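For reference, the structure is listed below as structure tokens.
The values are calculated or read from the model by the stated rules, or taken from the named source; none is laboratory data. This one's a predicted model, so the numbers in the text were calculated from it and none came from an experiment. Every residue, glycine as well, gets a Cβ built from its backbone with ideal geometry; the counts of neighbours run over all protein chains shown. The accessibility values were calculated without ligands, DNA or RNA, using every heavy atom of the protein model including side chains. Shrake-Rupley method; radii C 1.70, N 1.55, O 1.52, S 1.80 Å.
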Amino acid sequence: MHRSSFRAGMYLLENLTSGMYNDPLSIYREYIQNSVDSFDLSSNNNGHYAVNIDLDPFDRSIRIFDNGLGVSAKKAEEVLSSIGESNKRGLHLRGFRGIGRLGGIAFCDKAIFRTKAEGESTESIQEWDCYRLKKALNLSNKPRTFKQILKNITKFYQRNSQSKEGSYFEVILYDVKSFKNYIFDIERVRNYLSQVAPVPFDNNFIFGRKIDRYLKENLSHYGKYSIVLNGEHIYKPYRSKIRTTKNKGGGFDHIDDVELIAVDVGYKSPIAYGWYGKRRDLLGSISKGESCSGIRVRAGNILIGGPHLLDKCFREDRFNSYTVGEIHIDSAELVPNSRRDDFIDNESKALFYDAIERQIGLPISKEIRLRSRINSDSRKSDTKGKCAASTHYAIKNVPKGNSIGIIAEIENICRNCNNVELIVSKLNKCL
Amino acid sequence: MKRNILLVEPAYKTKFPPLGLMKLSTYHKTIGDSVRFVKGWNHDIEYTSWNRIYITTLFTYHWKVTVDTIKWYKELVKGDINKIYIGGIMAGLMRQELWRATGIDQIVKGILNDTKLIKENNSYIIDEMIPDYSLFDGTQHKYTLLDSYIGYSTRGCPNRCPFCGVHELEPEFIDYKGIKPLIKKIDDSFGKKQHLVLFDNNILASRKFEILISDLLDIGFGKNERINNKLRHVDFNQGVDVRLINEKHFELLSKIAINPLRIAFDSIKLKKIYEKKIRLAARYGIENLSNYILYNYKDTPEEFWQRLKINIDLNKELGLKIYSFPMKYIPLNATDRTYIDEPFWNWQFVRGVQRILNVMKGSVMPQEDFFNRAFGSTADEFMTILHMPESILMNRGREAKTEEVDWLNKYFGLTNGERKELLSILCNNRSKKTLATAISKVQNIKLRNILDYYLPDYSLPLFEEYE
């Protein structure tokens, strides 16, 4: 048997770090994904699990800490040193490619992974010298192998822990930098997490419980987790009263109820379950600032793509922004791609998008157009009504026979109305 | 490459120009950038691509307008928070809170004495540059002090008083900064200024006070000195500490064009020392005094009145003109002005003082008859005035009108218990609507009669609504 000539070069690492994510905030999603998977795997379901994210822009550091399963001292080096390997596949978990952990590497100069399992007194630590990694990738005129570079820039060690109690996984990133500094914009991060992370509905959203009950009954697994950003709990951005673009200054509309749906593509069971809000007026799209517009797709309760992933399922793309809703994937056939901005291409993906168009996109588009037409007709009839009233008023209040006076009065009352010339010309003919 | 720099002061009310922005303007103009100033925001500036936006901040109780302004500019630069820098007093005191509310992390705390703080790489010390007096040319907002040299002759303060943020913002006390080069540079760039305003936080803590006074004499601010045929003034704007000032200081101060000399009288416990120092001021011919009177901070309304009265009596005795400026205490990190130092102060009393001051435009005149009418000739009279309904309190003439006399009769007819109840109803029902509901539930006829004075025109909106 001869040795394979395949080699993994160091630039593969660039593809998995800086080359992987368009949005630096994706790193929060990747670490949260690992944390909540660890919560799901933990047998101690009575525990209060939480992911604590602490940003310190003045120290330029980010800390992401979860009290999930952690990694045992025995396996820690192997688990922390493996890339592109995961034992999660087939377990209905969110991560399975073994690369999410590398997300933060591209944005910091130093990364530390620290973990401990319950009942053990050993803490395992892996440090990455990301500054050296970037330098090597940028300047090296002597390409090295994937393995060589990892050996040079990482350090693994173990030390005694203060207590046997507790388990955790912690990521600490130092000297963090990103494009436009988005990564430390806590307002942006809060907004991002509320839309992307598997967090609960806010209590102010009155349909939250109804939706939770439906999803819990139907999805094979539906998890909501406590995610805390600098001490503040994060919730999904849905509310019953929403700001719309209906009026120039911005009007409001209400979600009066939610439609619960099962996405059926002809398989044995539905491929996804979800809900969308039924708006009272359905006039104008939902304001961008509300952070909740569009029917969004989630897998493992984590957002796939953005608010516009399903735009093409509507008669006009913009109609997706008229509503709110979520579709939760419940099928092993629909697999998120590595960036989690869509699904990997297969037959189920095509069937899924067709089903969304049929079951949601087109009926909502039809309703939007209908409501718009009714509104436009009623505005026209209002105008007609006003014109008739003004004409009647003028004829009644100006002495009989004074046709010039009547016309002057109408011109005065209706000077801001587009129909004034038409009315005056008609009256001229009559009087 | 020439950069577009925007300097912003949020649209809170302020008389003094933003000194930090004026220095930043000088810095950026010196290195060849183009600079523009905006008060608040306006739509003219939306069509320029700004390389940097500096937003200053002032008091913490300007929280809302400041945060709204920062968010507006964040939107303008499409969320690129690298383009925004925030500085000033509130930013220094509430850096974490401001970042949490806006997401902007480029918040400069304290003095801008190293350009690295604003990610520049040169050796300029912006804090020591002269203010750009031309920054506001062509803008609508009118600031005072633009005819004055503005600066510092010391920095920081050696004390760490709990109600003061100076030790946080300027932790190092520098007890002498030669002011003469600054004045020379301002003269060369903008011509001679009429007055001098120094923002030193504790000038008397300087061991080089004598040199400092000598500097002021050298640059033409001796007593009775004039330019343009007008007297020049020196103003230590942040005031001097009554506990520290001594005869030597007065002797030195009497040589310069000090006007006014601002002295704080923060507690009645300082009465003896305060009176002694004012008498010293009078002996050295310093007649124009301005007196900050902190209230709503570990004091009672009666003590507050006594401090005002002491000034009136000293004016009479020594022929001085001491203007009292009552200053309501607001905690360092308060994001609005609603703080009340209970139990001695309450909403009705704090509001009452503010209403009296509104009528008097913020200061307490030195004349005795005026004071007696506005604040009462005794502490008891003052307490009665603080119970008055706003409409009567603010419309009192030299003599009491019928409505005031009627109210006073009703007030004096109340027992102490009834007065307490009156106060409780007023403090717990701050809107007309809730007060009307509360009054409707009052059984005591005496109380009900007097409470009607607090809602003189309440029936009017109902009538209009009906119409």
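The figures follow:
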| quantity | calculated |
| --- | --- |
| Exclusive hit being without any contact (Cβ under 8 Å) to a residue 40 or more places away in the chain, within 14 Å of chain B (Cβ to nearest Cβ), out of contact with any Ser or Thr (no Cβ under 7 Å at 6 or more places or on another chain) and over 17 Å from A:ARG29 (Cα atoms), set A:LYS135, A:LYS180 | A:LYS180 |
| Odd one out for B:PRO131, checked against (1) away from chain A (no Cβ under 14 Å); (2) surrounded by fewer than 16 Cβ atoms within 10 Å (Cβ to Cβ) | (2) |
| Unmet criterion (only one of (1) more than 14 Å from chain A (Cβ to nearest Cβ); (2) in contact with a strand residue (DSSP E or B) (Cβ under 7 Å, 6 or more places away or on another chain); (3) open to solvent by less than 30 Å² (accessible area, probe 1.4 Å)) for B:TYR73 | (1) |
| Close pairs (6 angstrom Cβ cut-off, 6 or more residues apart or separate chains): closer than 14 Å to B:LEU182 by Cβ and at pLDDT 95 or above in region B:212-240, open to solvent by less than 30 Å² (accessible area, probe 1.4 Å) and in a loop (DSSP other than H, G, I, E, B) anywhere | B:LEU212/B:SER153; B:ASP215/B:ILE179; B:PHE221/B:ARG232; B:PHE221/B:ALA257 |
| Within region B:188-214, tally of residues that are part of a loop (DSSP other than H, G, I, E, B) and open to solvent by less than 50 Å² (accessible area, probe 1.4 Å) | 8 |
| Members of region B:95-109 that are touching a helix residue (DSSP H, G or I) at 6+ places or on another chain (Cβ under 9 Å), within 10 Å of another protein chain (Cβ to nearest Cβ), within 15 Å of B:HIS62 (Cα to Cα) and open to solvent by 10 Å² or more (accessible area, probe 1.4 Å) | B:ALA101 |
| Pick from region B:1-43, criterion part of a helix (DSSP H, G or I) and either closer than 21 Å to B:GLN238 by Cα or charged (D, E, K, R) (or both), ranking: farthest from the chain's Cα centre (by Cα) | B:LYS29 |
| Condition met for B:GLU46 (touching a helix residue (DSSP H, G or I) at 6+ places or on another chain (Cβ under 7 Å), in a helix (DSSP H, G or I) and at pLDDT below 95) | yes |
| Residue check, A:ASN203 closer than 23 Å to A:VAL297 by Cα and within 14 Å of another protein chain (Cβ to nearest Cβ) | no |
| Count of region A:220-262 residues which are open to solvent by 60 Å² or more (accessible area, probe 1.4 Å) and closer than 23 Å to B:GLY103 by Cβ | 6 |
| Condition check for B:TYR124: away from every other protein chain (no Cβ under 11 Å), open to solvent by 10 Å² or more (accessible area, probe 1.4 Å) and touching a Leu at 6+ places or on another chain (Cβ under 7 Å) | no |
| Pair list, Cβ < 7 Å and 6+ apart or interchain, from region B:6-35 residues that are without any contact (Cβ under 8 Å) to a residue 12 or more places away in the chain to residues that are open to solvent by less than 10 Å² (accessible area, probe 1.4 Å) | none |
| Boolean, B:GLU303 is in contact (Cβ under 8 Å) with a residue 24 or more places away in the chain, farther than 30 Å from B:ALA101 by Cβ and under 23 Å from the mean Cα position of the chain (by Cα) | yes |
| Lone qualifier among B:GLY138, B:GLY92 - being small (Gly, Ala, Ser) and surrounded by fewer than 19 Cβ atoms within 10 Å (Cβ to Cβ) | B:GLY138 |
| Hits in region A:277-297 - residues which are assigned to a strand (DSSP E or B) and surrounded by fewer than 21 Cβ atoms within 10 Å (Cβ to Cβ) | A:LYS278 |
| Residue match in region B:17-33 (condition: away from every other protein chain (no Cβ under 14 Å), among the β-branched types (Val, Ile, Thr) and open to solvent by less than 10 Å² (accessible area, probe 1.4 Å)) | no |
| Sole residue being of a type in the set (A, V, I, L, M) and at the interface with another protein chain (Cβ under 10 Å from one of its Cβ atoms), chosen from B:ILE55, B:ILE84 | B:ILE84 |
| Selection status of A:LYS288, at pLDDT below 95, of a type in the set (Lys, Arg) and farther than 18 Å from A:ASP354 by Cα | yes |
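Table: residues versus (1) more than 25 Å from A:ASP256 (Cβ to Cβ); (2) in contact with a strand residue (DSSP E or B) (Cβ under 6 Å, 6 or more places away or on another chain).
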{"site": "A:VAL297", "(1), (2)": "no, yes"}
{"site": "A:GLY300", "(1), (2)": "yes, no"}
{"site": "A:ASP311", "(1), (2)": "no, no"}
{"site": "A:ILE327", "(1), (2)": "no, yes"}
{"site": "A:ARG339", "(1), (2)": "yes, no"}
{"site": "A:ILE344", "(1), (2)": "yes, no"}
